[in-house]
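All remarks here apply to the structure that follows.
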Amino acid sequence: QVQLVESGGGLVQPGGSLRLSCVASVSIFSFNAMAWYRQAPGGERELVATITSGGSTNYADSVKGRFTISRTIGRNTVWLQMNSLKPEDTAVYYCNAVLAGSYWGQGTQVTVSS
């Protein structure tokens, strides 16, 4: 069974940085794609960034130039480097993996506030 465990969230001031990690229980190379989503209080879950099995990446317009998704295949880990954080980036961030189905982690809270 596929399990995804996120970590790295926390409280950061505007303009700061955080790096989120998502560790999978199986080789991430087997997934068609992996992604980070986020859900702000009272909002819908939205796609933040994706990385395909071939390494191609895509980003939401709201995070382009500030966030970077990457992976370390040997550690079964996908990362989300978040720079120049804004209060509107505050949300629970979820890792997602697509294989035969769609798998989700439990989420990690990111709060951007002074």
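The values are calculated or read from the model by the stated rules, or taken from the named source; none is laboratory data. Since the model is a prediction, treat every value here as computed from it, not as a measurement. Cβ coordinates were reconstructed from backbone atoms using ideal geometry, including for glycine residues, and neighbour counts include every protein chain displayed. Side chains are part of the model used for accessible areas, which takes the heavy atoms of the whole protein and leaves out ligands, DNA and RNA. Shrake-Rupley method; radii C 1.70, N 1.55, O 1.52, S 1.80 Å.
Select from region 42-53 the residues that are open to solvent by less than 70 Å² (accessible area, probe 1.4 Å) and outside any strand (DSSP E or B) and list them in ascending order.
Correct list: 43, 53.
Are any residues in region 62-82 of a type in the set (D, E, K, R) and open to solvent by less than 60 Å² (accessible area, probe 1.4 Å), and if so, which ones? Of everything in region 62-82, just one residue is of a type in the set (D, E, K, R) and open to solvent by less than 60 Å² (accessible area, probe 1.4 Å), namely 66. Among the residues making up region 27-41, those that are open to solvent by 50 Å² or more (accessible area, probe 1.4 Å) and not aromatic (Phe, Trp, Tyr) are 27, 30, 32, 39, 41.
Annotation note: of 43, 55, the sole residue that is out of contact with any Leu (no Cβ under 6 Å at 6 or more places or on another chain) and on the phi > 0 side of the Ramachandran plot is 55.
When residue 81 is tested against (1) farther than 24 Å from residue 114 by Cβ; (2) assigned to a strand (DSSP E or B); (3) in contact (Cβ under 8 Å) with a residue 12 or more places away in the chain; (4) not β-branched (Val, Ile, Thr), exactly one condition is not met: (1). Does residue 90 satisfy the criteria of being surrounded by 15 or more Cβ atoms within 10 Å (Cβ to Cβ) and on the phi < 0 side of the Ramachandran plot? Here the answer is yes, as residue 90 does meet what is asked.
Just to be sure I understand, how many residues within region 1-22 are over 21 Å from residue 83 (Cα atoms) and either outside any loop (DSSP other than H, G, I, E, B) or open to solvent by less than 30 Å² (accessible area, probe 1.4 Å) (or both)? Step through it out loud before you land on a result.
So in region 1-22, the residues over 21 Å from residue 83 (Cα atoms) come out as 1-5.
Cutting the leftovers down to either outside any loop (DSSP other than H, G, I, E, B) or open to solvent by less than 30 Å² (accessible area, probe 1.4 Å) (or both) gives us 2, 4-5.
Here the count works out to 3.
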